[in-house]
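The values are calculated or read from the model by the stated rules, or taken from the named source; none is laboratory data. Because the structure is predicted, anything quoted here is derived from the model rather than measured. Because the Cβ atoms are built from the backbone with ideal geometry, glycine has one as well, and the counts that use them run over all protein chains shown.
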Amino acid sequence: MIEEFHRTEIDATFGHELAHIKYGFRFIGELSLATFATWVFAMLLAHFAIIPMIYIIAELAFMMLVLSFVLRRNESLADWTGGNATSPEALVSVLEYFRAKCKGDDGSITHPSFQARIKRLERLFDSDR
């Protein structure tokens with residue numbers, strides 16, 4: 001990484017990762033709340049379900065949806081905070097580098113697509129930080 005990127009790009013990457021640490025307790029709280037909400041949903045469904053396996057499958061599906069939302073939201077928050085604290089241009093440069101190296105840009109269950117992340121960070125270019 002030291003040989004591939006400029007110093008400002010490395011600082012922006014560290015800013016992104018430090019934002020994960022900064023919001024760690026918030027993230028754990030959101031995951032706990034998501035787990036509790038999923039459990040409540042499953043218990044309500046189990047109370048009304050005719051076939052017991054339905055609520056287990058529904059609980060897993062609902063948990064994946066909620067976790068995906070929380071994880072993607074956490075990643076976007078780290079992008080925004082890291083880009084705002086250091087340099088959004090440098091973080092965009094790093095994201096464009098990885099978008100070029102990766103075969104696809106669909107994102108994952110935990111990360112939005114590179115294009116969506118870049119577009120969101122570009123709003124910081126013209127704003128007063």
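So here's what we get for this one:
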quantity	calculated
Positions within the range 74-112 being out of contact with any Pro (no Cβ under 9 Å at 6 or more places or on another chain) and among the charged types (D, E, K, R), in sequence order	E89, E96, R99, K101, K103, D105, D106
Those residues of the range 1-40 which are of a type in the set (F, W, Y), in a helix (DSSP H, G or I) and either on the phi > 0 side of the Ramachandran plot or crowded, with 16+ Cβ neighbours inside 10 Å (or both), in sequence order	F27
Count of the range 15-60 residues which are under 30 Å from G82 (Cα atoms) and either of a type in the set (S, T, N, Q) or touching a residue at least 12 places away in the same chain (Cβ under 8 Å) (or both)	15
Residue under evaluation V92, criteria (1) within 22 Å of M1 (Cβ to Cβ); (2) in contact with a helix residue (DSSP H, G or I) (Cβ under 7 Å, 6 or more places away or on another chain); (3) in contact (Cβ under 8 Å) with a residue 40 or more places away in the chain; (4) not in a loop (DSSP other than H, G, I, E, B), criterion not met	(3)
When residues of the range 73-89 are limited to those that are touching a Gly at 6+ places or on another chain (Cβ under 8 Å) and part of a helix (DSSP H, G or I), the one modelled with the highest pLDDT	T81
Some residue of the range 96-115 being in a helix (DSSP H, G or I), in contact (Cβ under 8 Å) with a residue 40 or more places away in the chain and more than 22 Å from M1 (Cα to Cα)	no
Filter pass, A90 being closer than 13 Å to T13 by Cβ and either touching a Leu at 6+ places or on another chain (Cβ under 8 Å) or among the hydrophobic types (A, V, I, L, M, F, W, C) (or both)	yes
Residues within the range 75-129 that are surrounded by fewer than 16 Cβ atoms within 10 Å (Cβ to Cβ), under 18 Å from the mean Cα position of the chain (by Cα) and of a type in the set (F, W, Y), tallied	1
All positions within the range 45-56 that are in a helix (DSSP H, G or I) and surrounded by 12 or more Cβ atoms within 10 Å (Cβ to Cβ)	L45, A46, I54, Y55, I56
